[in-house]
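Working notes for the structure below.
Bear in mind that the values in this text are calculations on the coordinates, not laboratory data. Because the structure is a prediction, the values reported are computed rather than measured.
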Amino acid sequence: MIGTTESLSEEEQEELRKELAKVEEEIQTLSQVLAAKEKHLAEIKRKLGINSLQELKQNIAKGWQDVTATSAYKKTSETLSQAGQKASAAFSSVGSVITKKLEDVKLQAFSHSFSIRSIQHSISMPAMRNSPTFKSFEEKVENLKSKVGGTKPAGGDFGEVLNSTANASATTTEPLPEQTQESL
């Protein structure tokens with residue numbers, strides 16, 4: 001600026017200083033007017049019950065409305081909607097296939113387990129009859145039968161033993177001889 005002030009005459013410099021002072025004064029006046037207007041605006045908002053949070057919400061809503069009105073948003077929204085529909089259809093068909101496969105597996109497992117159960121049942125009955133627990137139970141029933149109903153050859157049918165024990169229990173009301181001796 002030093003170089004430019006030398007080329008200006010005294011008169012031009014004085015005129016520029018006056019203009020500078022005038023512009024600074026206008027800026028200050030405008031700042032005061034702006035401050036007064038902002039104060040007035042705040043007073044009106046307070047009377048209307050508009051606070052800064054509501055104002056922010058309104059600004060965001062207005063901004064979102066402006067965004068959704070653009071053609072770029074509309075095109076993107078349509079594309080995403082179509083992609084979502086296609087993905088939904090794909091997941092649905094995959095789900096149907098999986099459901100069918102699971103039903104097939106369940107049916108195969110059920111039919112397989114049914115045949116295994118019947119085989120296990122037919123195999124386990126003889127095995128159970130030969131088990132030490134079953135033999136012990138059978139011996140106790142035989143002993144009870146011989147005590148209650150008299151002697152019969154050993155090795156009778158298990159069903160006969162149970163029937164004869166039930167009949168003997170129903171007809172006998174007196175205590176057994178062993179029971180009488182034990183109680184003495």
task: Rounded to whole Hz and in sequence order, give me ³J(HN,Hα) for region 57-69 from the Karplus expression 6.51 cos²θ - 1.76 cosθ + 1.60, θ = phi - 60°, writing x for Gly and Pro.
output: 4, 5, 5, 5, 4, 5, x, 5, 4, 5, 5, 5, 7
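If you take the square roots of the eigenvalues of the alpha-carbon gyration tensor of region 17-69 and sort them as a ≥ b ≥ c, do you get rounded (a/c under 1.5), prolate (a/b over b/c) or oblate?
On the way: a/c = 6.16, a/b = 1.99, b/c = 3.10.
Taking the square roots of the gyration eigenvalues as a ≥ b ≥ c, region 17-69 is oblate.
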